[in-house]
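Data first, discussion second: the structure below is written as structure tokens.
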Amino acid sequence: MDKEKLANKIYDILVKDGGASESIRSSFVYDFCSASPATEWRFIGQLEFGGKFRNNSNLIPCKLHGRYYVDCYPEDLTKKRSEIIKKINSKLKDLEKEGDGEVRIYVKLS
């Protein structure tokens, strides 16, 4: 899957399940497809100001979450936000399993 299509699928999830605004989709897609995408993107939505999409695609993926996940500030975490985060992260994990057509090899440097 090309990067632009993947970025739009990710943003579809953020809009549908996280309440992200359509008005910043193009900025998200532009950044996601750039040579050096941001590792975090504040999409706000139902997670409010602390709601962030995390992009570890250029880093070693988080063992717990994988390449892409959302979270919020710990002090802002509520039961409702936790449920939203779990739902979004589950869908992002499924999307990652779908594959983006890239093979990545990670080497641990000591």
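A short reminder: the numbers here are calculations on the coordinates, not readings from a lab. Everything numeric in this text was worked out from a predicted model, so none of it was measured. Glycine also receives a Cβ, built like all others from the backbone with ideal geometry; neighbour counts cover every protein chain displayed.
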- Provide the net charge surrounding residue 40, with neighbours chosen by a C-beta distance below 10 Å and charges set as Lys +1, Arg +1, Asp -1, Glu -1. +2
- Per the rule of 0.36 nm per residue minus the C-alpha distance, extending residue 79 to residue 93 adds in nm 2.9 nm
- Query: log10 I(q)/I(0), Debye, Cα-only the range 3-98, no solvent, q = 0.12, 0.18 Å⁻¹?
  - Reply: -0.32, -0.76
- Item | Built amide H within the under 5 Å cut-off of residue 20, gap 5+ | 15, 46
- Query: Quick one: length gained pulling residue 35 to residue 5 fully straight, 0.36 nm per residue minus the C-alpha distance?
  - Reply: 9.2 nm
